[in-house]
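Input: a single structure, listed below in structure tokens.
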Amino acid sequence: MAIILRNRLLTLYSTSLLQPSLRPSPNAPPSSLSVKTPPFSPPTRHGPRFHASASRAASPTASDSARVVRKVFFVPPGVDPAEVSEDMVLPGSNIVVGPYAGHAQIKEVEFVKSSGRAKDCPKDGRPEFAILGRSNVGKSSLINALVRKKEVALTSKKPGKTQLINHFLVNKSWYIVDLPGYGFAKAPGSVRMDWSAFTKGYFLNRDTLVAVLLLIDASVPLQKIDLDCANWLGRNNIPLTFVFTKCDKMKGGKRPDENIRSFQEVIRENYREHPAWIMTSSVTGLGRDELLLHMSQLRNYWDQ
Ligand SMILES: Nc1nc2c(ncn2[C@@H]2O[C@H](COP(=O)(O)OP(=O)(O)OP(=O)(O)O)[C@@H](O)[C@H]2O)c(=O)[nH]1
Ligand SMILES: [Mg+2]
């Protein structure tokens with residue numbers, strides 16, 4: 001399986017792949033935030049398609065044992081959770097690569113349209129991935145990194161740049177959707193979800209939605225509004241993958257891997273099965289090829 005995984009990654013565009021130093025540290029302090037939401041199963045649109053499997057790294061040595069992180073893997077269709085081992089997991093993630101992974105390269109991308117309401121979105125039935133997250137988390141930058149074009153999606157230092165649902169058609173067969181950010185113009189400390197009606201309308205009515213990529217800024221400590229968003233998606237059975245952004249950045253002395261670990265500790269309490277997560281940076285390209293491979297296995301399974 002390790003060889004298959006390596007070959008699949010090699011068929012993608014070449015970028016630097018591994019950043020093992022960014023793996024979550026087991027010694028991060030616990031989160032100061034707690035969430036009162038009752039646990040729920042991971043969201044799936046068509047029933048229980050994906051499994052989670054708790055596993056330890058294979059045969060850790062005595063000196064390793066203190067550093068071993070208990071990881072809950074995301075196990076895709078076609079993989080027996082009992083057969084999962086570390087070498088099947090994409091670097092910098094908890095995502096197991098299964099038989100549906102493939103055709104991950106992006107050969108062409110074109111902007112199709114901006115829509116103000118879900119019912120104005122393209123109706124051609126092609127599968128799509130929605131890019132969601134707080135304003136300024138790096139949604140448009142991630143899209144540019146995925147498609148390897150600087151200005152496909154407009155980015156800005158100022159939050160609130162993207163205000164509409166923007167559809168980008170990839171390889172004439174599937175969509176990446178850039179969404180407005182949430183949390184813009186909210187007072188710090190405010191914890192209420194405040195999505196505009198059209199964004200909610202989109203999530204609840206979009207049959208072609210394969211998964212939401214929920215972007216979480218790894219350069220800042222855990223934000224309650226991100227947890228609220230994850231919980232809202234979970235309660236509404238919308239499949240999601242956590243994509244940690246800005247993993248190249250350090251702010252206020254807190255390392256991205258510590259922030260990620262804090263976030264996961266809280267998520268673990270809320271989900272019976274841990275959703276997929278992956279670390280990325282639009283600056284260094286970290287996680288790009290791995291994320292595309294993950295998206296391919298979700299898409300190919302959805303397609304069949
Ligand atoms: N260091 C670093 N900066 C990033 C990364 N991704 C995005 N940024 C910066 O973060 C800022 C916001 O990026 P955008 O991609 O416009 O964020 P957005 O989520 O699309 O923002 P809205 O459209 O306003 O919701 C820009 O200044 C980016 O250059 C990253 O991986 N690392
Ligand atoms: Mg944007």
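Before moving on, here are some points about what is shown:
- Boolean, V69 is modelled with pLDDT under 90, in a loop (DSSP other than H, G, I, E, B) and out of contact with any helix residue (DSSP H, G or I) (no Cβ under 6 Å at 6 or more places or on another chain): yes
- Failed criterion for R261 (all others in (1) part of a helix (DSSP H, G or I); (2) surrounded by fewer than 18 Cβ atoms within 10 Å (Cβ to Cβ) hold): (2)
- Matching option when the condition is touching a Phe, Trp or Tyr at 6+ places or on another chain (Cβ under 6 Å) and modelled with pLDDT under 90, among W232, W195, W277: W195
- Selection of the stretch 205-224 for residues being among the β-branched types (V, I, T) and crowded, with 18+ Cβ neighbours inside 10 Å yields V210, V212, I216.
- Residues that are modelled with pLDDT of 80 or more, near ligand 1 (Cβ under 10 Å from one of its atoms) and charged (D, E, K, R) within the stretch 123-171 comprise R134, K139, listed in sequence order.
- Search result, residues across the stretch 95-122 that are among the aromatic types (F, W, Y) and within 16 Å of ligand 1 (Cβ to nearest atom): F111
- The single condition from (1) within 16 Å of ligand 2 (Cβ to nearest atom); (2) aromatic (F, W, Y); (3) modelled with pLDDT under 95 that F74 fails is (1).
- Some residue of the stretch 212-230 being more than 22 Å from I143 (Cβ to Cβ) and within 11 Å of ligand 1 (Cβ to nearest atom): no
- The stretch 268-279 residues that are among the hydroxyl-bearing types (S, T, Y), paired with ones that are at pLDDT below 80 (beta carbon under 7 Å, 6 or more apart): Y271/P39; Y271/F40; Y271/P42
The values are calculated or read from the model by the stated rules, or taken from the named source; none is laboratory data. Quick caveat, the model's predicted, so the values are computed rather than measured. FYI the Cβ positions are ideal-geometry reconstructions off the backbone, even for glycines, and counts take in every protein chain you see.
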